[in-house]
Amino acid sequence: MLKKFTPSKHHAMWIAIFSVFIGVLVLRVLALPPQIERLDSLPLKGATFDGEPLQLTRQESQYLGNAEAIKRLYTLGNDSFVVAVIDGTRNRDAVHNPDICYQGEGYTIIKESSLPIPGGEAKVLVMKKEGEVRELAYWYTTGTSRHSSPFKQHVQSTLRRLSLIGHRNEPFLVIIESASPGTDWNATLAAFPELSHI
């Protein structure tokens, strides 16, 4: 015959410790503030570029949910680019994998390559859909580490949420789409270094 389980003071203590730990983690996740100052650190104008804010589409706003983001049109000489930066602090799903996202919209990736940038590397995609060709570069950044790995981004974001100190930066997603394929990305980032330092 099984003995009836009777919680002891020892069991109660461990249950209390575990409950406090879980409670602190939940509060930590809920209390994480978006990093508006990092988004705002990207200037609209510079010596070699000029920019203007763009309105998010309804579909983009719905997808982002509570996430913070900026979307801008920049001009560098005769070239123009749409730049989007997404802070997923309040909605981790908004910081997505562009490869999958664009393929989900019907684009076929016809070329991909890595692009060295300060602190890491970006990924360049050339895509095609019904004769339309699009080219973009993207990376995830914490301000010091830059890479194009969605898995690493997820790990960094999770570690930030588990940190009780909260000193880590949320990994932003930076997407730069060129208005005309065939972009010299090294020259573009050299003319607009602020992009690779956000």
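Couple of notes before you dig in:
- Some residue of the stretch 161-181 being buried (at least 20 other Cβ atoms within 10 Å of the Cβ) and not in a strand (DSSP E or B): yes
- Qualifying residue in the stretch 93-111 (condition: in contact with a Gly (Cβ under 8 Å, 6 or more places away or on another chain) and assigned to a loop (DSSP other than H, G, I, E, B)): yes
- Of all residues in the stretch 129-157 being charged (D, E, K, R) and within 23 Å of Tyr63 (Cβ to Cβ), the one that is surrounded by the most Cβ atoms within 10 Å (Cβ to Cβ): Glu135
- Per-region count, the stretch 54-78, residues of a type outside the set (A, V, I, L, M), surrounded by 10 or more Cβ atoms within 10 Å (Cβ to Cβ) and not in a helix (DSSP H, G or I): 9
- All of (1) of a type in the set (Gly, Ala, Ser); (2) over 23 Å from Lys71 (Cβ atoms); (3) touching a residue at least 60 places away in the same chain (Cβ under 8 Å) hold for Gly131 with one exception: (3).
Read the figures in this text as sums done on the coordinates, not as results from a lab. It should be emphasised that the depicted structure is a prediction, and the values quoted were computed from it without experimental measurement. Cβ atoms come from the backbone with ideal geometry, glycine included; neighbour counts cover every protein chain shown.
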